[in-house]
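The values are calculated or read from the model by the stated rules, or taken from the named source; none is laboratory data. Because the structure is predicted, anything quoted here is derived from the model rather than measured. Please note that ligands, DNA and RNA were not included when accessible areas were found on the heavy atoms of the full protein model with its side chains. Shrake-Rupley method; radii C 1.70, N 1.55, O 1.52, S 1.80 Å.
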Amino acid sequence: MKFLKPLYCFVYVGLVLGLGNSANAEILSVEYKSFYSHVKQLDKEEMDALQFAFGFLNIHTKDLCGVKEARISTEKKQIPLKVSEENRFTVPSERALNLAKALVIVELEQASNVCDMSVQLETKPEYLKRQYSQNDLIKLLTQYETFFDKMGGFLSFMMPSVTGITLVFPSSLEDQTLDNGLQIVEGNLFLNESAIESLNTLNLPVAPSRIIAVTKE
């Protein structure tokens, strides 16, 4: 099991990569079952707002490696995967693909030997909007807490605890103070439980790019 902390959030990683024989190969062939073992953990109503977003972190620059294309491949079909502007992609949780021994094919812009797997836990796109009720925010915070509680199990004392959520905005958004006194600083708005409980409605200048959990060891 491997733990990384790329891009503002705690990340749980345990994927096995099939990188082929060439250290400089730019096309990766990864067994779908390696992804499925993780994404299926979110197939529960109490975590239905969350998803894993996959990418590859450059071991030298600590930026995400460019992803030209990603797809799921089986003997019968090719399923394209949408790659975000941040060079991350999501993978569906489909038991049939696991049984079909599907592969996830990823074409990188850099050599694969400098790109290490990175997995980010974040909210699904439909939960990114300009206005949130208090209940909306409580739901997201609770779902992150549920995830880390379940991942810890009887070893929960070894897992980080959730201290709040961060709404991440485009880097072009200027620092600003919202009507309720909360501040967006360097494209981030942090909300802990007490801040959420003090809100009735959260109105934002633009929708966030993603919402992630903030944790402490």
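Using a 1.4 Å probe on the protein chains only, how many percent of the accessible area of region 38-195 belongs to carbon and sulfur?
So the carbon and sulfur contribution to the accessible surface is 47 percent.
Need one number: convex hull volume per residue for region 91-212, Cα atoms only, in Å³.
Spelled out: Cα convex hull of region 91-212, divided by residues, is 177 Å³.
Can you tell me which lysines have their Cα less than 21 Å from the Cα of LYS139? Leave out same-chain residues fewer than eight positions away.
Cα-Cα hits under 21 Å: LYS40, LYS44, LYS124, LYS129, LYS150, LYS216.
Heavy-atom accessible area per residue, region 89-215, 1.4 Å probe: how many Å²?
Dividing the accessible area of region 89-215 by its residue count gives 50 Å².
Roughly how many Å is it from the Cα centre of region 168-190 to that of region 77-148, as a whole number?
One Cα centre to the other: 24 Å.
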